[in-house]
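Every read-out reported here was derived from the displayed coordinates using simple, explicitly stated rules and does not represent laboratory data. Every value quoted in this text rests on a predicted model; they were computed, and no experiment measured them. Cβ coordinates were reconstructed from backbone atoms using ideal geometry, including for glycine residues, and neighbour counts include every protein chain displayed.
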Amino acid sequence: MPAPPPPPVVEPTLPLQVIGTWDDDKGASIFLAAPRGTLQARVGDVLLSEYRVVQVTRHEVLLRHIASNREFRLAVPVSSSTAALLRP
């Protein structure tokens with residue numbers, strides 16, 4: 001009898017969306033819409049116990065899914081009035 005096929009690989013879905021950015025004396029931070037409200041985060045922070053903030057620029061945010069090591073690039077909205085404040 002042949003072995004059953006392996007279960008399908010389930011890719012993580014990203015339940016976050018960048019809604020704005022902020023830059024202050026501590027550096028760049030991002031605001032994200034999440035399933036249960038708005039989050040603010042900086043590089044190194046872990047979001048929803050699953051995603052680490054790897055990089056924040058004025059154009060995009062790089063998150064890494066901790067379990068799969070998969071990277072997600074999220075665009076910073078052009079309409080974000082504070083996007084121009086972030087350093088390149």
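Some observations on this one:
- Stretched out straight at 0.36 nm per residue, the stretch from A67 to L14 would grow longer than its current Cα-Cα span by 17.8 nm.
- A34 long-range amide H proximity, modeled H, under 5 Å: L39
- Approximating the spin labels as points 7 Å out from Cα along Cα→Cβ, the A75-to-R58 distance works out to 1.7 nm.
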